[in-house]
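Reviewing the structure listed below.
Every number here is computed from the coordinates shown, using simple stated rules; none is lab data. On a predicted model such as this, the values are computed, not experimentally measured, just so you know.
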Amino acid sequence: MNTEPPTGDDLTRMLVSMKKNVLERATDTTRRRPGRRFGIAFGLVALIGLGSAGGAVAMGFVPSPFEGLAQPEPTAVVSTPPAPTPTATPTPEPSAAPSTQPVGGTPEPYLPIDCATLATESSLTSLLRAPNLLTDDLEGPFAPVIAAEDQFGLDDCNWDSTSETAYASFAITSAPRDARASEAVASDRAEGAVDIGIGDQSTQICTEYLGCRGTVLVGDYWLDYYYGQSVDFGEDARALLLAHLERIADVVEPLDPRAPWVATDAAARWTRTGDCSTISLATPLSVLFSDPTIADGARTPDYERNGRLLTAARDSSYYCEWAVPEATPPTEMSASPPAVTVQIAAGARWGFEAREEYLAGEAASAQGADVTPVTVVGAEDATIFCLEAGVSCSLDVLVDDSWMRVSYNGQRTIGEKPVLIAVAESIIAAR
């Protein structure tokens, strides 16, 4: 697992993602819908270190002295076998087919239920005393790889429950169930995860001091979950979590999924056809940066591989990195080597446009962001966005109904804006 601190796009994603959980997935990631982990974040969100008595309060083990509704009696949805249909009865009308999403439009989650409804129908208050649904004020995806997650049908819901002395959180991510879901379950079990007997297949890995994470495959859906609290995790908390996961499975299983998202024909040019070695540049980076030590071959960053569901969701997109030597020795706050990264989400015009709308608004300007429209040969539209006086810059490009981002993370003072444009033009020319 990569242990170096994230920077640039990955720092942006991590800052927002920290609101939701402590999952072993650094990226991306963040969203417009309630619970999504999107946004431009410029400050860290810290978790609270707390004591055991408060932890019992947060989990509902003892009456709550802090704000929030009193815990009701559980109203679990209990699995019951469906009543048999007599053969003599008329054949029921078939259920309506899921509506087709507009080609190339803003995608909707595969699971047709929002976070608030899921919490109500699964009696989340039986797990978290006073659940607070974490939402983002910002609208739109803020990286191409996250747009690709949306297009895959991914959605996640994140809640916390806090007091002055305790903290607990629960997160669940939903996506279409495919062959990779069973492979993920098998891999988790090979790494020591236990079968918890929920849904069609399930896994769980728990630690005494953090909580539990795992996977549930039920009906048409692939669910990943995480539960954590600020005190040691015991059997009482685990029993509450298992009961809640059973209720979620009962709620989700009978739901008809939404239709898959479909890209425009023009976007096929940018559909991922292999690993990062398939991304070519008409002019090598060593030439563009005037530095023969720069490796011209791209690699997939290690942190992209954290989380099998996210990896599956990003399978149609590119996330590639070229290492760039540092002009000055890295500081303690900049331990990661500088790098150029390229993300491409085929068909994500909708995401590019949402990003541009945000950058044109007051929120971006209030943070001191430097936003500059630029011309990229071969592209329909492009904008450069920089933070911290150019230390971290990103070029967003709209080409063939697809969203490309070229980013530079580092301390160089080489005037990286023209180089980012040159990188994008080189990729477009070679495609």
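Compute the distribution of all C-alpha to C-alpha distances in the stretch 141-195, in bins of 10 Å from 0, and list the percent of pairs in each, rounded to whole numbers.
18, 31, 35, 16, 1
Residue-wise, which Karplus ³J(HN,Hα) couplings in Hz belong to the stretch 194-205, taking 6.51 cos²θ - 1.76 cosθ + 1.60, θ = phi - 60°, and x for glycine or proline?
9, 7, 9, x, 10, x, 7, 8, 7, 9, 7, 10
Can you tell me the alpha carbon radius of gyration of the stretch 104-171 divided by the globular rule-of-thumb value 2.2 N^0.38 Å?
Here the answer is 1.31, to two decimals.
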